[in-house]
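Here, each number is a calculation from the coordinates, and none is a lab measurement. If you're wondering where the values come from, they're calculated on a predicted model, not measured in any experiment. Note: ideal-geometry Cβ built from the backbone for every residue, glycine included; neighbour counts use all protein chains shown.
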């Protein structure tokens, strides 16, 4: 059974702008897919819709449950999302508070939440930063902290918007290596095709508000005609 099933998804904003039209695809457990396309293709809208932060026509099933306003509270722990700017997610006085926030909202005791927090902070090389503010961390550290705050909830599906944005080459390599170790299914919306190519065996191309292509990453990204028609460029490593 697929972890994620998306059927005939459409979204039109209140001003009449159509952002998505008849988007359908599935994602298996543990599968990593890049979501690419030019600006305005609908990548961010799709991520927000999959996370239950927007509502519109079409059907989304996560882990066998249909995503609705009635089920979103139950499914929220199974769907994690990180935004392009980690500062949009780190709002508490300390990193410890940021990472334990969701766990406490779920009803865990403070001791239980802190125990889980210590485990995830060790994995993300954040031990020793518990009492530090996000504003005193580097962008790479803030990126890891925002990701840790999501993954401590143990979601099955991870949605990421431009995960490599603002990172230097070393930070990109470190993040890519970390993501490659995670068991979660992932959809990475990105313009960084080299980053996506090394992490995601599958790529979904959004263009004209719908899916233009869906398949093996290197095959799609090396297709010069497809890349040109969708406003993208073949990654340097595939030329």
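Remarks
- Averaging Cα coordinates gives a centre for segment 3-50 and one for segment 57-118; these two points are 21 Å apart.
- Segment residue 57-residue 39, length gained on full extension (0.36 nm per residue, minus Cα span): 4.2 nm
- Principal-axis tilt of helix 95-105 within the chain, Cα atoms, nearest 10 degrees: 80
- Most fluctuating residue given options 136, 198, 21, as computed from a GNM of the chain linking Cα atoms under 10 Å: 136
- Considering only 190, 181, 71, the Gaussian network model of the chain with Cα springs below 10 Å gives its largest mean-square fluctuation to 181.
- Point-to-point label distance, residue 191-residue 13, nm (Cα→Cβ direction, 7 Å offset): 1.7
- Largest GNM mean-square fluctuation across 137, 48, 159, computed for the chain with C-alpha springs under 10 Å, falls on 137.
- Of the options (i) 53, 43, 37; (ii) 126, 39, 30; (iii) 48, 35, 35, only one is Cα extents along the principal axes in Å as computed from these coordinates, and that is (i).
- In this rough spin-label picture, where each label sits 7 Å from Cα along the Cβ direction, the residue 85-residue 118 distance is 3.5 nm.
- On Cα atoms only, tilt of 139-151 relative to the major axis of the chain in degrees: 90
- Tilt relative to the chain, helix 110-123 - C-alpha long axis, 0 to 90 degrees, to 10: 60
- Stretchable slack from residue 92 to residue 219, in nm (0.36 nm times residue separation minus alpha-carbon distance): 41.4 nm
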